[in-house]
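The next block holds one structure in the form of structure tokens; read it before the comments.
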Amino acid sequence: MSTLDRPYHHGDLRAALLDAADALLDEGGDGAVSLREAARRAGVSPTAAYRHFADKTALLAALAARHFAQFGQALGGRSFDAMGPAYVRFALERPGRFRLMFGPLLRAAQTDPALQAASAAAFQALRQAAPDEASALRAWAMVHGLAHLLLDGALPGSNDPDAVLARVLPG
């Protein structure tokens, strides 16, 4: 029996591909992620990867959905004031993942239901803790901008993010 005739079995290849893609993302950002390299790292052929993801955009959308779920957990159960520092720390601890979640490569994946649901759930944690929708949007804009400024080293003191957080988001 040839390998093409044997039943396919890898355990949880989807999760293995996502884990491999996460490692690539952490190593080199979203530009370093490819289905071919994720498949190689998972120990399968590129063809096997296409059984789970139609293309790179689908893989990136699944990664972003995974990280929005983690992001929602990082924010959930916190007071409104405690969410700001948690938001920024998430970005600083996982810069490649954070940039992917909010980056331009995912515009093509905005119709992905899992990504939409995970993104909405993460924002819902902020919305529930905020006094109103306008406050939630203002806070989101501020901490998101602060996270990017720190990631890019664009603020005085960016090399000490805890000091910046203490100055900007006291609480």
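The values are calculated or read from the model by the stated rules, or taken from the named source; none is laboratory data. Worth saying up front: this structure is predicted, and the values here are computed from it rather than measured. Glycine also receives a Cβ, built like all others from the backbone with ideal geometry; neighbour counts cover every protein chain displayed.
Among the residues of the stretch 71-123, write down those that are of a type in the set (S, T, N, Q) and free of Cβ contacts under 8 Å to residues at least 24 places away in the same chain.
Q73, Q110, T111, Q116
Scan the stretch 116-135 residue by residue and report those that are surrounded by 19 or more Cβ atoms within 10 Å (Cβ to Cβ) and within 12 Å of F71 (Cβ to Cβ).
The answer is A118, S119, A122, A125, L126.
Checking the structure you have, find out if any residue of the stretch 143-159 is of a type in the set (D, E, K, R) and either more than 29 Å from L60 (Cα to Cα) or surrounded by 12 or more Cβ atoms within 10 Å (Cβ to Cβ) (or both).
Taking every residue of the stretch 143-159 in turn, none turns out to be of a type in the set (D, E, K, R) and either more than 29 Å from L60 (Cα to Cα) or surrounded by 12 or more Cβ atoms within 10 Å (Cβ to Cβ) (or both).
So which helices (runs of 4 or more DSSP H) stay within the stretch 33-104 end to end and still have 3 or more residues that are in the same structural domain as L146 (by TED's automatic domain parsing)?
Result: 56-75, 80-93, 95-102.
Looking only at the stretch 134-171, how many residues end up being in a loop (DSSP other than H, G, I, E, B) and either under 18 Å from F98 (Cα atoms) or among the basic types (K, R) (or both)?
Counting residues in the stretch 134-171 that are in a loop (DSSP other than H, G, I, E, B) and either under 18 Å from F98 (Cα atoms) or among the basic types (K, R) (or both) gives 4.
Give the residues of the stretch 9-50 that are surrounded by 13 or more Cβ atoms within 10 Å (Cβ to Cβ) and either touching a strand residue (DSSP E or B) at 6+ places or on another chain (Cβ under 9 Å) or of a type in the set (V, I, T) (or both), sorted by residue number.
Across the stretch 9-50, the qualifying residues are V33, V44.
State all residues of the stretch 118-171 that are of a type in the set (V, I, T) and closer than 15 Å to L75 by Cβ; if no residue qualifies, say none.
Answer for the stretch 118-171, where residues must be of a type in the set (V, I, T) and closer than 15 Å to L75 by Cβ: just V143.
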